[in-house]
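Trainee: What follows is a structure written as structure tokens; I'll ask about it next.
The values are calculated or read from the model by the stated rules, or taken from the named source; none is laboratory data. This one's a predicted model, so the numbers in the text were calculated from it and none came from an experiment. Here the Cβ positions follow ideal geometry from the backbone for every residue, glycine too, while neighbour counts run over all protein chains shown.
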């Protein structure tokens with residue numbers, strides 16, 4: 001626990017273990033992606049430490065900061081592992097309570113500091129790379145794992161153009177053909193990065209656990225835009241790190257091409273889990289996470305209610321932002337946002353309050369076991385988790401996703 005007088009020096013000394021900013025390196029790098037091309041700077045600490053940071057301009061990162069705080073709260077819940085007053089009705093199964101004492105669950109977080117409504121600094125998560133950078137080629141260079149291990153199969157570009165050019169009634173047929181010509185290759189990440197059997201096994205377990213936790217938490221919070229550029233993999237631990245939380249609270253369903261899946265569970269993600277796939281550890285951890293969130297739903301809803309009702313926090317997208325989100329991942333095909341009324345980019349206080357109430361109501365329904373596809377039937381933890389897994393893997397859902405999301409990867 002932080003002790004203000006001691007750990008923060010009562011305003012007279014540096015925080016325990018902290019460093020002051022001594023200088024910045026004169027050179028900086030520019031990221032390869034992003035609308036406003038964020039800058040990567042290196043800060044030199046007063047004790048000689050070197051820290052990379054991502055500086056964003058013309059981009060509101062307050063939402064990212066809030067999501068990071070929510071993740072930290074969830075991590076604290078997982079540490080406490082509350083098991084009191086839990087019944088089989090609340091948890092869906094007494095087994096879920098027992099499992100909670102066996103898994104070290106957490107979401108990997110990083111520091112985010114908004115400096116203004118349109119700028120901020122983010123901690124650079126060292127030792128990570130986007131899963132997309134490992135699996136797929138970079139430009140014309142055939143450096144991706146798929147090209148290296150399956151050189152005769154279709155490339156990402158061919159798959160995307162094929163699905164993009166298919167009429168709506170042929171999407172499923174084209175998707176099936178793409179999957180037959182594009183094999184998953186993410187299992188090779190663990191073979192290449194972790195040489196001995198023990199480290200390989202530990203990394204795969206870390207990966208599976210972190211995917212399960214982030215999937216369930218992400219579904220409850222309605223986090224969207226989970227393409228493989230927004231999911232990093234830690235090269236030392238195998239854990240996943242999610243970035244860019246510009247689409248939350250079910251806003252992905254309002255994109256020009258609505259998102260149809262609760263979280264990303266595509267073939268490469270499953271490939272990284274090993275021969276068992278989603279069976280076994282993934283399901284157990286997902287159930288454990290859902291049970292924990294249900295047990296603490298009152299506290300979680302209290303925090304989220306304050307977040308969505310904050311007039312300074314604009315979590316709901318306007319039509320221009322929604323269009324930009326998908327246009328920046330490929331050519332703008334002239335998609336139109338689903339009708340939300342007058343199309344105004346600003347909302348009245350009354351409308352904002354109404355949307356906030358609906359958002360919290362939707363989260364509450366999920367925490368109680370009600371999903372869109374259950375026709376009003378309440379699900380236990382095990383049933384709800386299995387329903388979400390089936391929905392995330394359903395080819396009929398995946399084939400209708402925005403092609404820049406890479407549903408076949």
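Trainee: What's the number of the only condition in (1) at pLDDT below 95; (2) farther than 16 Å from residue 217 by Cα that residue 234 fails to meet?
Mentor: Status for residue 234: all satisfied but (1).
Trainee: Quick check on my filter: what residues within the stretch 360-371 are touching a helix residue (DSSP H, G or I) at 6+ places or on another chain (Cβ under 8 Å) and either crowded, with 16+ Cβ neighbours inside 10 Å or at positive phi (or both)?
Mentor: Within the stretch 360-371, 360, 363, 364, 366, 367, 369, 371 qualify.
Trainee: Something else about it: So, of the residues in the stretch 372-385 that are part of a helix (DSSP H, G or I) and surrounded by fewer than 16 Cβ atoms within 10 Å (Cβ to Cβ), which turns out to be farthest from the chain's Cα centre (by Cα)?
Mentor: Residue satisfying both the conditions and the ranking: 374.
Trainee: Also, I was wondering about something else. Taking residue 129 and the conditions (1) surrounded by fewer than 16 Cβ atoms within 10 Å (Cβ to Cβ); (2) modelled with pLDDT of 90 or more; (3) closer than 26 Å to residue 307 by Cα, which numbered condition does it fall short on, given that it satisfies the others?
Mentor: Unmet condition: (3).
Trainee: Moving on. Within the stretch 39-52, does at least one residue satisfy the condition of being within 26 Å of residue 249 (Cα to Cα) and surrounded by 14 or more Cβ atoms within 10 Å (Cβ to Cβ)?
Mentor: There is no residue in the stretch 39-52 that is within 26 Å of residue 249 (Cα to Cα) and surrounded by 14 or more Cβ atoms within 10 Å (Cβ to Cβ).
Trainee: Scan the stretch 389-404 and give yes if some residue there is farther than 30 Å from residue 136 by Cα and in a loop (DSSP other than H, G, I, E, B), otherwise no.
Mentor: no
Trainee: Mind checking which residues of the stretch 80-107 are over 16 Å from residue 286 (Cα atoms) and either modelled with pLDDT of 50 or more or surrounded by 18 or more Cβ atoms within 10 Å (Cβ to Cβ) (or both)?
Mentor: 80
Trainee: Being closer than 16 Å to residue 207 by Cβ and out of contact with any helix residue (DSSP H, G or I) (no Cβ under 6 Å at 6 or more places or on another chain) is the filter; apply it to the stretch 223-267 and report the residue that is surrounded by the fewest Cβ atoms within 10 Å (Cβ to Cβ).
Mentor: 236
Trainee: Can residue 206 be described as in the same structural domain as residue 271 (by TED's automatic domain parsing), out of contact with any helix residue (DSSP H, G or I) (no Cβ under 9 Å at 6 or more places or on another chain) and surrounded by 17 or more Cβ atoms within 10 Å (Cβ to Cβ)?
Mentor: When the stated conditions are applied, residue 206 passes them.
Trainee: When you scan the stretch 157-179, how many residues do you find that are out of contact with any helix residue (DSSP H, G or I) (no Cβ under 6 Å at 6 or more places or on another chain) and over 11 Å from residue 400 (Cβ atoms)?
Mentor: 11
Trainee: Shifting gears a bit: Inspect all residues belonging to the stretch 180-202 and state whether any of them is over 22 Å from the mean Cα position of the chain (by Cα), crowded, with 20+ Cβ neighbours inside 10 Å and under 17 Å from residue 403 (Cα atoms).
Mentor: yes
Trainee: Quickly run through the stretch 254-302 and pick out the residues that are outside any helix (DSSP H, G or I) and within 23 Å of residue 134 (Cβ to Cβ).
Mentor: 261, 263, 264, 265, 266, 272, 273, 274, 275, 276, 277, 278
Trainee: Which residues, counting only those in the stretch 161-179, are in contact (Cβ under 8 Å) with a residue 24 or more places away in the chain and surrounded by 14 or more Cβ atoms within 10 Å (Cβ to Cβ)?
Mentor: If the condition is that a residue be in contact (Cβ under 8 Å) with a residue 24 or more places away in the chain and surrounded by 14 or more Cβ atoms within 10 Å (Cβ to Cβ), then 163, 164, 171, 172, 174, 175, 178, 179 are the ones that fit.
Let's see how each residue does on (1) at pLDDT 65 or above; (2) touching a helix residue (DSSP H, G or I) at 6+ places or on another chain (Cβ under 6 Å); (3) over 30 Å from residue 146 (Cβ atoms):
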residue: 336; (1), (2), (3): no, no, yes
residue: 341; (1), (2), (3): no, no, yes
residue: 348; (1), (2), (3): no, no, yes
residue: 354; (1), (2), (3): yes, no, yes
residue: 358; (1), (2), (3): yes, no, yes
residue: 381; (1), (2), (3): yes, yes, yes
residue: 394; (1), (2), (3): yes, no, no
residue: 403; (1), (2), (3): yes, yes, no
residue: 408; (1), (2), (3): yes, yes, no
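Trainee: Using the structure shown, decide if residue 139 is out of contact with any strand residue (DSSP E or B) (no Cβ under 6 Å at 6 or more places or on another chain), at pLDDT below 95 and within 28 Å of residue 193 (Cα to Cα).
Mentor: yes
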